[in-house]
Amino acid sequence: MILISKYITPKGFQGITLYPFVILRDSNLKSDRVLVNHERIHLKQQLELLVLPFYIWYVVEFLIRFIKHRDWHLAYRSISFEREAYTNEKDLNYLELRSWFSFLKYL
């Protein structure tokens with residue numbers, strides 16, 4: 001389900017996924033198929049990790065990457081979940097072919 005809220009979406013981001021919702025900053029973004037696909041990849045990741053462990057893993061991996069890179073943006077882009085989503089966001093058929101736990105390839 002897609003929701004619209006500029007208050008929930010962090011500044012500088014167009015969307016965020018909080019299972020089972022994809023929250024977009026602006027209603028015009030609903031037509032951005034690449035962005036929506038990126039967020040749908042996160043929905044799949046969250047579902048296969050039973051939601052709460054996804055968020056714990058996400059934060060821990062971000063902290064490890066931040067310590068390594070000392071750069072917030074680089075740490076964020078280096079998280080395995082983000083790497084999978086950014087790499088495959090333009091492939092609108094990716095989720096149909098995606099294997100379970102595919103994010104592990106991006107560790």
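Worth a mention:
- Matching residues in the stretch 21-78 - criterion: being among the polar types (S, T, N, Q) and within 14 Å of Leu95 (Cβ to Cβ): Asn37, Gln45, Gln46
- Matching residues in the stretch 95-104 - criterion: being part of a helix (DSSP H, G or I) and under 13 Å from Gln45 (Cα atoms): Leu95, Ser102, Phe103, Leu104
- Flag for Ala75 being closer than 13 Å to Tyr106 by Cβ and aliphatic (A, V, I, L, M): no
- Flag: Leu97 matches the condition of being modelled with pLDDT of 95 or more and either more than 15 Å from Thr17 (Cβ to Cβ) or among the charged types (D, E, K, R) (or both).
- Positions within the stretch 69-90 being within 15 Å of the chain's Cα centre (by Cα) and of a type in the set (D, E, K, R), in sequence order: Arg77, Glu82, Arg83, Glu84, Glu89, Lys90
- Search result, residues across the stretch 55-75 that are over 21 Å from Pro20 (Cβ atoms) and surrounded by 15 or more Cβ atoms within 10 Å (Cβ to Cβ): Glu61, Phe62, Arg65, Phe66, Ala75
- Residue count for the stretch 26-68, restricted to those that are closer than 20 Å to Ser102 by Cα, over 14 Å from the mean Cα position of the chain (by Cα) and basic (Lys, Arg): 1
- The one condition in (1) without any contact (Cβ under 8 Å) to a residue 40 or more places away in the chain; (2) in contact with a Phe, Trp or Tyr (Cβ under 7 Å, 6 or more places away or on another chain) that Asn88 fails to fulfil: (1)
- Looking at the stretch 1-81, the strands (runs of 3 or more DSSP E) lying wholly inside it that each contain 2 or more residues that are modelled with pLDDT of 95 or more sit at 15-18, 21-24.
- Take the conditions (1) in contact with a helix residue (DSSP H, G or I) (Cβ under 7 Å, 6 or more places away or on another chain); (2) buried (at least 17 other Cβ atoms within 10 Å of the Cβ); Arg83 misses just one of them, which is (2).
- Count of residues meeting criterion [in contact with a Leu (Cβ under 6 Å, 6 or more places away or on another chain) and polar (S, T, N, Q)] in the stretch 8-36: 2
The values are calculated or read from the model by the stated rules, or taken from the named source; none is laboratory data. Because the structure is a prediction, the values reported are computed rather than measured. Don't worry about glycine lacking a Cβ; one is built from the backbone with ideal geometry, like all the others, and counts go over all protein chains shown.
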